[in-house]
Each structure stands twice: as structure tokens, then as C-alpha cells.
Amino acid sequence: MGSGSPGAADAEANPPTIAVLDYGIGNLRSAEKALEHVGAVAVLTADPDEIAQADAVVLPGVGAFGRCREALAQTGLDEAALNAVASGRPFLGICVGMQLLYDSSEESPGIAGLGVFAGTVRRLQPGVKQPQMQWNQLSLMNDSPLFEGLGENPWMYFVHSFAAEPSQYLLATCEYGGSVVAAAQSELVFATQFHPEKSGQAGLAVLRNFVNIAASSREVRAQRAAQQAQLAQQAQRRAV
Amino acid sequence: MKTTRVIPCLDVDSGRVVKGVNFVELRDAGDPVELAARYDAEGADELIFLDITASSDRRETTIEMVRRTAEEVFIPFTVGGGVRTVEDARRLLRAGADKVGINTAAVDRPELISEIADEFGVQCVVVAIDARRRVVATQSGSGDEAPSQEISGSAQTGSLSWEVFTHGGRTAVGLDAVEWAARAVELGAGEILLTSMDRDGTKEGFDLQLTAAVSAACSVPVIASGGVGTLDHLVQGALVGKADAVLAASIFHFGEFTIAQAKQALAQAGVAVRPA
């Protein structure tokens with residue numbers, strides 16, 4: 001547990017609140033329970049205010065891209081997700097929640113994703129059983145606080161038939177009938193094709209890292225807010 | 001890389017784990033949540049709960065077990081038994097199950113597979129098939145293939161077929177198991193849990209010909225089940241039966257072998273697994 005990451009001590013002393021977007025799709029409880037297990041205050045919610053106040057946001061997802069996208073729109077959680085990303089707070093898309101961050105998917109032609117990451121989600125290569133429903137070993141392509149302390153090739157659990165195409169956001173891959181994008185990151189927006197909430201201790205370590213990222217990001221935002229308040233005060237004093 | 005999953009199966013009756021010998025005699029092997037957490041810690045890749053009672057008054061017991069499991073277990077788990085409607089599936093998934101197993105209800109009304117797949121995705125639909133040999137192959141020796149035997153010649157396999165049974169193996173339904181598996185996949189099954197009724201509880205090994213025939217007919221993963229008594233049986237299931245996952249119950253529950261030993265045996269035989 002003694003992680004050296006910046007947010008670790010703070011996360012323990014003052015657990016960050018993480019909103020898990022509840023749009024009625026499949027098993028959302030696993031993500032909530034796993035986040036709680038690693039010390040976060042996890043809230044399964046569809047309330048835009050609650051989501052806006054959370055320190056970080058998780059977008060889970062299982063099933064078809066189109067159906068998940070539709071459910072997000074119906075619940076208005078697409079707005080909430082985009083607002084969370086725009087606010088610069090840490091964000092984690094899991095499985096179809098990752099895929100939804102892209103522009104589109106071959107699974108549901110004509111349906112626009114959230115477009116946070118440029119690119120398309122494509123069907124896995126033929127010649128292998130689909131869905132990929134198994135544990136697989138990651139190859140980490142870039143350093144990221146999300147994978148801190150996990151070594152070069154952690155094992156994670158995958159269930160999917162589609163995956164994002166490689167892009168500048170690439171963080172990790174796995175081999176399954178070819179190279180498959182397993183994780184991506186742009187600033188504090190993270191995405192995993194695998195299920196960290198279902199990947200045993202290694203997956204919990206990923207979520208613990210995310211909770212620590214949420215805590216340190218909250219700290220940074222608090223400092224920034226304090227600085228701004230101070231500057232505003234100084235400006236006011238000068239004006240007087 | 002393709003890896004083979006090792007899946008302990010927990011048969012649950014009124015919230016307690018039991019394992020039937022040919023689905024008749026039952027022995028108590030403990031609290032399902034406790035066992036599940038132990039298997040998670042030991043390196044099991046996934047877990048399957050089969051609620052063998054599944055009468056309506058016990059539904060809440062199962063939901064409660066699923067809730068408790070989801071709080072303590074962070075590997076995927078499937079719950080089967082008594083799933084008859086989309087609502088049944090929804091309740092289990094909302095309580096924390098990752099997949100639901102359907103058996104009798106899918107045979108009675110195959111559209112149920114599509115309905116659950118459309119609602120929650122194919123990845124959470126496990127169609128469980130209980131199959132029994134229709135024709136005993138005319139082979140030399142005992143007339144029943146040894147567990148380690150290679151699949152030999154299409155003439156022999158061609159003379160074999162397996163019939164689907166429902167209601168815990170009591171009712172023959174006249175369907176061919178291989179054809180039914182392929183149809184289930186077409187309808188939206190994301191995985192097939194294939195149990196040999198001839199082998200279940202015997203500790204003689206998987207029905208490898210059945211496993212290989214179904215695996216070849218399915219584009220989705222197939223879990224081999226029924227008959228595991230030794231670690232070599234698991235190896236044969238992967239290598240000869242071409243199973244994507246191997247399931248066992250009693251050898252794990254009664255401490256005959258650990259998950260780590262199972263994985264070691266598989267790895268030594270050249271089957272890729274996540275190390276325990």
C-alpha cells in the first residue's frame with residue numbers, strides 16, 4: 001500500500017469522491033465496490049450536480065457501443081461526462097466506457113461517440129475467438145501514473161470484440177490476433193479496454209492509482225484556487 | 001496471446017456451496033462468498049455460481065449472495081440457475097454479477113438469449129448446455145475413449161452425437177448439442193458453458209470429443225465442464241478439447257489441488273495461463 005505517488009497520503013487522510021456514472025447498463029456495482037475497496041468514496045449516480053462536485057469521474061460500460069451511447073444521451077450523462085472532462089478533473093473510461101470516448105465505432109456505424117479522443121473503435125482481427133474474454137498481459141508503451149508500481153507487463157481481464165485504433169494517446173497494448181489497444185491517456189483522461197475492477201489485485205492497484213491521481217489533482221486545484229483568491233485580494237487592496 | 005482460464009464452479013443450494021455427484025448426492029463445502037474470496041486470492045481467473053435450487057422463494061438468498069460476493073471478489077463471476085427473463089438477468093447484474101448463465105429457459109424460449117444480449121450485451125450471456133452421448137462410439141477397447149485420447153478420424157467422431165438435457169440433467173429435449181451451441185451463439189451467446197452429463201461427478205475427465213466438437217462449432221469461448229479428477233484432465237481439456245476455459249469443482253473445494261497447481265500443470269504442458 002505504501003505507494004510513493006503524490007496523492008497517496010492525501011487520498012488516505014481524505015478520500016476523494018469518485019462519481020461512477022449510472023446510466024442503467026449492466027453491472028455497474030463492480031466498479032463502485034472496487035473503488036470503495038481501494039479507499040475512495042464511490043457514488044453510483046446519475047445526478048449532474050453530484051457528478052460536478054466529485055473529485056473524479058468513472059464511465060463504465062458493457063454491451064454494445066450504440067446502446068450505451070443512446071443510454072448516455074437519454075440520461076443526459078453524456079453532457080455530464082463531457083463537462084467533467086472539460087473541467088480537467090481525472091476521468092476514467094472502462095471497456096465500452098473507453099470506446100465511448102472516441103469519435104465512432106465500427107460496432108454501431110453512424111453513431112457519434114463523445115469525441116474526447118480522436119479516432120475510431122474497430123473490430124478485433126479475425127482468426128481469434130470473439131469476444132476476447134480472458135486475462136491478457138499488457139505491454140506498457142508510456143509512463144503513466146495509472147500504472148505506477150505495476151511493472152512492465154501486468155495481467156488484466158478483458159471482455160470485448162472491439163478496440164480503439166492506435167493513436168497518440170496510446171498507453172498500453174496486449175496481443176490478441178495482433179496488437180490491441182488496451183489503455184489510453186490524454187492529460188488526466190484515462191481509458192482502459194480491460195476491466196480494472198475485475199482484474200484482481202493488479203486491477204485494484206490501477207484503481208488505487210486513479211484514486212491517488214484524484215487526490216493529487218484535487219490538491220492542485222485547491223492550491224490554484226487559493227492562489228487566485230490571494231491574487232484577487234491583492235488586486236482589491238491595490239485598487240483601494 | 002490466447003490464455004486459458006481456470007474456473008472453479010460453486011454449486012449453491014440455499015446459500016451454501018454443494019457439489020453433486022451426477023447431480024444427485026450432495027456434499028456441503030461451505031460458504032460461497034468465503035470460497036469465492038479464497039479462489040480470487042489463490043489466482044482463479046473467474047468464478048461460476050450455479051444456483052441449483054433456484055426456486056422463487058430462494059431468489060433473494062441468491063441476490064444477497066451476489067451482493068456480498070461483489071463486495072469481496074474482484075474477478076469476474078457468472079451466476080446461473082433459474083434465470084428465465086430479462087428481469088431475472090437484470091437483478092443479478094445489478095447486484096454485481098458480470099454474466100448470467102441460462103440453460104433450461106434458453107432451450108424453452110431461445111429468443112431469451114437475444115433479449116438478454118440486446119439489453120446487456122453478448123459478453124454477459126453464458127448459455128449453459130448439459131449434454132449426454134446419444135450414440136456410444138464403436139471403438140476398440142472399452143468403447144469409451146480414455147480422457148487423454150486424441151480426437152481420431154471423422155468417421156468415429158461422425159458417428160457420435162450428444163443430446164441436450166435440461167432441468168439439471170433430467171429432461172432430454174431432442175436437440176443436438178453441437179447444433180444447439182452454434183444456434184445459441186447466433187442468437188447472442190457470448191460464451192458456452194458445456195457440461196458432459198456422462199462425465200459430471202465421475203472424475204474421469206472431460207468428454208473431449210464433445211468439447212472439441214462444440215469448440216469447433218462456436219466462434220465464442222467454450223468452457224469445458226464435467227468430470228475433472230486430475231490436473232491432466234484440465235490440460236487435456238485445453239489441448240485436445242480446445243476449450244477456452246476449464247471448469248472444476250470438487251478437486252478445488254476439497255483441497256485435492258490448488259488453483260496454482262492447476263495453472264502450473266497447464267503452463268508446463270504449454271498452455272498459456274495467467275500465473276496464480
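The values are calculated or read from the model by the stated rules, or taken from the named source; none is laboratory data. Everything numeric in this text was worked out from a predicted model, so none of it was measured. For neighbour counting, all protein chains shown are included, and Cβ atoms are generated from backbone atoms with ideal geometry for every residue, glycine included.
Quick one: which of A:GLN168, A:GLN236, A:GLN185, A:GLN201 is over 23 Å from A:LEU59 (Cα atoms) and out of contact with any Pro (no Cβ under 7 Å at 6 or more places or on another chain)? Give the derivation first.
Working: A:GLN168 fails: over 23 Å from A:LEU59 (Cα atoms); A:GLN185 fails: over 23 Å from A:LEU59 (Cα atoms); A:GLN201 fails: over 23 Å from A:LEU59 (Cα atoms).
Checking each option against the conditions leaves just A:GLN236.
Please specify each residue of the stretch B:194-230 satisfying the condition of being assigned to a helix (DSSP H, G or I) and surrounded by fewer than 20 Cβ atoms within 10 Å (Cβ to Cβ). Lay out the reasoning, then the answer.
Here is the first cut: in the stretch B:194-230, the ones assigned to a helix (DSSP H, G or I) are B:208-217.
Within the stretch B:194-230, B:ALA216, B:ALA217 qualify.
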Query raised in the report: What is the one condition in (1) among the β-branched types (Val, Ile, Thr); (2) under 14 Å from the mean Cα position of the chain (by Cα); (3) away from chain B (no Cβ under 14 Å) that A:VAL96 does not satisfy?
Result: (3)
Query raised in the report: When the stretch B:139-183 is examined, which residues are found to be polar (S, T, N, Q), at pLDDT below 55 and surrounded by 12 or more Cβ atoms within 10 Å (Cβ to Cβ)?
Result: B:GLN139, B:SER148, B:GLN149, B:SER152, B:GLN156, B:THR157
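Can A:ALA31 be described as at pLDDT 95 or above and within 21 Å of A:PRO145 (Cα to Cα)? Show your work before the answer.
Working: at pLDDT 95 or above: no; within 21 Å of A:PRO145 (Cα to Cα): yes.
In short, no.
Consider B:VAL6 carefully, then state whether it is within 15 Å of the chain's Cα centre (by Cα), over 24 Å from A:LEU28 (Cα atoms) and either of a type in the set (S, T, N, Q) or at pLDDT 90 or above (or both). Give the steps one after another, and end with the answer.
On the way: within 15 Å of the chain's Cα centre (by Cα): yes; over 24 Å from A:LEU28 (Cα atoms): yes; either of a type in the set (S, T, N, Q) or at pLDDT 90 or above (or both): yes.
Against the criterion (within 15 Å of the chain's Cα centre (by Cα), over 24 Å from A:LEU28 (Cα atoms) and either of a type in the set (S, T, N, Q) or at pLDDT 90 or above (or both)), B:VAL6 qualifies.
Within the stretch A:181-196, is there a residue that is within 14 Å of chain B (Cβ to nearest Cβ), within 15 Å of the chain's Cα centre (by Cα) and either farther than 20 Å from A:LYS129 by Cα or surrounded by fewer than 20 Cβ atoms within 10 Å (Cβ to Cβ) (or both)? Before the answer, list the steps.
Start the filter on the stretch A:181-196 by keeping residues that are within 14 Å of chain B (Cβ to nearest Cβ), which leaves A:182, A:193-196.
From the residues that got through so far, the ones that are within 15 Å of the chain's Cα centre (by Cα) too are A:182, A:193-196.
Imposing the further condition that a residue be either farther than 20 Å from A:LYS129 by Cα or surrounded by fewer than 20 Cβ atoms within 10 Å (Cβ to Cβ) (or both) reduces the set to A:196.
Yes.
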Report task. Tell me, please, whether a residue that is in contact with a His (Cβ under 9 Å, 6 or more places away or on another chain), among the hydrophobic types (A, V, I, L, M, F, W, C) and over 20 Å from A:VAL128 (Cα atoms) can be found in the stretch B:221-238. Result -> no
Report summary line: Taking the stretch A:113-164 and the residues there that are away from chain B (no Cβ under 14 Å) and among the charged types (D, E, K, R), the one that is farthest from B:ARG5 (Cα to Cα) would be A:ASP143
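Tell me the residue from B:VAL107, B:VAL83 that is more than 9 Å from chain A (Cβ to nearest Cβ) and assigned to a loop (DSSP other than H, G, I, E, B), please. Give the steps one after another, and end with the answer.
Numbers: B:VAL107 fails: assigned to a loop (DSSP other than H, G, I, E, B).
None of the other options fit; the residue is B:VAL83.
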Requested in this report: Kindly indicate whether any position in the stretch B:129-138 is modelled with pLDDT of 90 or more and not charged (D, E, K, R).
Outcome: yes
**Report entry** Candidate set from the stretch A:197-206 (those that are facing another protein chain (nearest Cβ under 9 Å) and not polar (S, T, N, Q)); member that is farthest from the chain's Cα centre (by Cα)
**Finding:** A:GLY200
**Report entry** Some residue of the stretch A:151-166 being assigned to a loop (DSSP other than H, G, I, E, B), free of Cβ contacts under 8 Å to residues at least 12 places away in the same chain and either among the acidic types (Asp, Glu) or farther than 25 Å from B:VAL125 by Cα (or both)
**Finding:** yes
Query raised in the report: Which members of the stretch A:93-139 meet the condition of being β-branched (Val, Ile, Thr) and crowded, with 19+ Cβ neighbours inside 10 Å?
Result: A:ILE94, A:VAL96, A:VAL116, A:VAL121
**Report entry** B:ARG109 charged (D, E, K, R) and closer than 22 Å to B:GLY43 by Cα
**Finding:** no
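Restricting to the stretch A:148-195, count the residues that are among the charged types (D, E, K, R) and at pLDDT below 95.
The first filter runs over the stretch A:148-195 and keeps only residues among the charged types (D, E, K, R), leaving A:148, A:152, A:165, A:175, A:187.
Now narrow it down to the ones that are at pLDDT below 95: A:152.
Within the stretch A:148-195, residues that are among the charged types (D, E, K, R) and at pLDDT below 95 number 1.
Residue by residue, here is whether (1) touching a residue at least 24 places away in the same chain (Cβ under 8 Å); (2) in contact with a Cys (Cβ under 7 Å, 6 or more places away or on another chain); (3) charged (D, E, K, R) holds:
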residue	(1), (2), (3)
B:ALA172	yes, no, no
B:LEU175	yes, no, no
B:ARG183	yes, no, yes
B:GLU186	no, no, yes
B:GLU191	yes, no, yes
B:LEU194	yes, no, no
B:ASP200	yes, no, yes
B:LEU210	yes, no, no
Requested in this report: Looking at (1) closer than 29 Å to B:GLY82 by Cβ; (2) in contact with a helix residue (DSSP H, G or I) (Cβ under 7 Å, 6 or more places away or on another chain); (3) hydrophobic (A, V, I, L, M, F, W, C), find the lone condition where B:ALA245 falls short.
Outcome: (2)
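Being assigned to a helix (DSSP H, G or I) and touching a strand residue (DSSP E or B) at 6+ places or on another chain (Cβ under 8 Å) is the filter; apply it to the stretch B:86-104 and report the residue that is nearest to B:GLY174 (Cα to Cα).
Of the stretch B:86-104, the ones assigned to a helix (DSSP H, G or I) are B:86-95, B:104.
Restricting the remaining residues to those that are touching a strand residue (DSSP E or B) at 6+ places or on another chain (Cβ under 8 Å) gives B:88-89, B:92-93, B:104.
Numbers: B:ASP88: 26, B:ALA89: 26, B:LEU92: 30, B:LEU93: 31, B:THR104: 13 Å.
Checking each candidate, the answer is B:THR104.
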**Report entry** Hey, A:ALA214 part of a helix (DSSP H, G or I), in contact with a strand residue (DSSP E or B) (Cβ under 6 Å, 6 or more places away or on another chain) and modelled with pLDDT of 95 or more or not
**Finding:** yes
Query raised in the report: Can you tell which of A:GLY26, A:GLY63 is farther than 18 Å from A:ALA202 by Cβ, touching a helix residue (DSSP H, G or I) at 6+ places or on another chain (Cβ under 7 Å), surrounded by fewer than 24 Cβ atoms within 10 Å (Cβ to Cβ) and modelled with pLDDT under 95?
Result: A:GLY63
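Which members of the stretch B:110-131 meet the condition of being without any contact (Cβ under 8 Å) to a residue 60 or more places away in the chain and more than 10 Å from every other protein chain (Cβ to nearest Cβ)?
Keep residues of the stretch B:110-131 that are without any contact (Cβ under 8 Å) to a residue 60 or more places away in the chain, which gives B:112, B:115, B:119-120.
Across the stretch B:110-131, the qualifying residues are B:LEU112, B:GLU115.
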Query raised in the report: Is one or more of the residues making up the stretch A:108-128 in contact with a strand residue (DSSP E or B) (Cβ under 6 Å, 6 or more places away or on another chain), closer than 18 Å to A:GLN193 by Cα and in a helix (DSSP H, G or I)?
Result: no
Report task. Looking only at the stretch B:61-80, count how many residues are within 24 Å of B:LEU112 (Cβ to Cβ) and part of a loop (DSSP other than H, G, I, E, B). Result -> 1
